[in-house]
1. Using all Cα-Cα distances in the range 74-199, what percent lands in each 5 angstrom bin from 0 up to the longest?
2. Determine ³J(HN,Hα), in whole Hz, for all residues of the range 154-167 in sequence, where each value follows from phi through the Karplus function 6.51 cos²θ - 1.76 cosθ + 1.60 and θ = phi - 60°; x replaces Gly and Pro.
3. Before I look further, what does the range 102-215 give for accessible area per residue, probe 1.4 Å, in whole square angstrom?
4. Could you go through the range 187-200 in sequence order and give the Karplus-derived ³J(HN,Hα) for each residue, using 6.51 cos²θ - 1.76 cosθ + 1.60 with θ = phi - 60°, rounded to whole Hz, and x for Gly and Pro?
5. Can you compute 3J(HN,Hα) from phi for each residue in the range 168-183, using the Karplus curve 6.51 cos²θ - 1.76 cosθ + 1.60 with θ = phi - 60°, rounded to whole Hz and x for Gly and Pro?
6. Between GLU198 and SER91, what length in nm is gained on full extension when 0.36 nm per residue of separation is reduced by their alpha carbon distance?
7. If you find the alpha carbon centre of the range 52-80 and of the range 29-50, how far apart are they in angstrom?
8. Express the relative contact order of the range 130-207 as a whole percentage, based on alpha carbon pairs under 8 Å and six or more residues apart in sequence.
Amino acid sequence: MAAQVFLMWYMHIFPDNAMKEYRMNPMQELNEAEIDELDNFLLSDATPDNCMDLPTLDGFFAALVLNPEFVMPSEYLPWVWDIDEGKEMPSFASNEQASHIMGLVLRYYNSVLDAIRNETFSPLFYILAQEDGSEFYDAEGWCEGFMRGVFLFSEPWTEIFESYPELIEPMVLLGTEHGWEMLDKNPDIRQLTQEAYESIAGAVALLAEHFTVQREALTMQPNPTAIRVEPVRSTKVGRNDECPCGSGKKFKKCCGAPTLH
């Protein structure tokens, strides 16, 4: 049902030949080159400064897939390009490029959906090089995207916050202003962050199991709900903050550009 809705919506936005690529392989996972292409586009100057990067998109889609109420692409796509306001759009060079990129985005959603439903999901993180030569998995962007998906379409998540907060604890800790404040007050911030990101995959699996009954009941009668929230802010340099090097670019598009894992 979800794939059919995707197809109808996408054909309306990009008719005729513009739909050809997605129509040929809507459920085909992105290969490594396509993932790199999508990652590079999201970080490029063609997208708004507040565009999601790929790990943030991965977390955002995970929250949408877990939501037992199907969320239409027309409701969530604006937030992909502008995570703060859902207003700005990318500057595509042509209709062909728009069709191609949109096809990659929708196929990526389908790959997240397939992985979660088949219990093979592994969250996508950036790897950040540390001054001591070690590497650190940055899960903040993934969790920020996940929590954006939770807060925007929040009705099914109310029960989780009220009765099962432990199921979403690592995402709250790494993806909200409240969580960042808690981390900053903890003397062992690195260890706490490590434990949180290591818990994310398991939390997604438990949430998928929790929502199974509701999802099955609502599969044939989607009733999406969109709720606007204020963007979370952090006092530290974040992905969407201006880079401290003085280039004028966003941190994620300048000195903060990391590698995928």
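1. Final binned percentages: 2, 9, 14, 19, 20, 16, 11, 7, 3, 1, 0.
2. So the J values, rounded to whole Hz, are 8, 3, x, 8, 4, 4, 4, 5, 7, 10, 9, x, 5, 5.
3. Result: 46 Å² per residue.
4. For the range 187-200, the Karplus-derived couplings read x, 10, 4, 5, 5, 5, 5, 4, 5, 5, 5, 6, 8, 5 Hz, x marking Gly and Pro.
5. 10, 4, x, 6, 5, 5, 9, x, 9, 4, 4, x, 5, 5, 5, 5
6. Once the chain is fully extended between GLU198 and SER91, it gains 34.9 nm.
7. Each part's Cα centre sits 16 Å from the other's.
8. Relative contact order here is 31 percent.
The values are calculated or read from the model by the stated rules, or taken from the named source; none is laboratory data. Keep in mind that what you see is a predicted model, and the values were worked out from it rather than measured. No Cβ is skipped: glycine too gets one built from the backbone with ideal geometry, and neighbour counts run over all protein chains shown. What goes into the accessible areas is simple: the full protein's heavy atoms, side chains included, and nothing from ligands, DNA or RNA. Shrake-Rupley method; radii C 1.70, N 1.55, O 1.52, S 1.80 Å.
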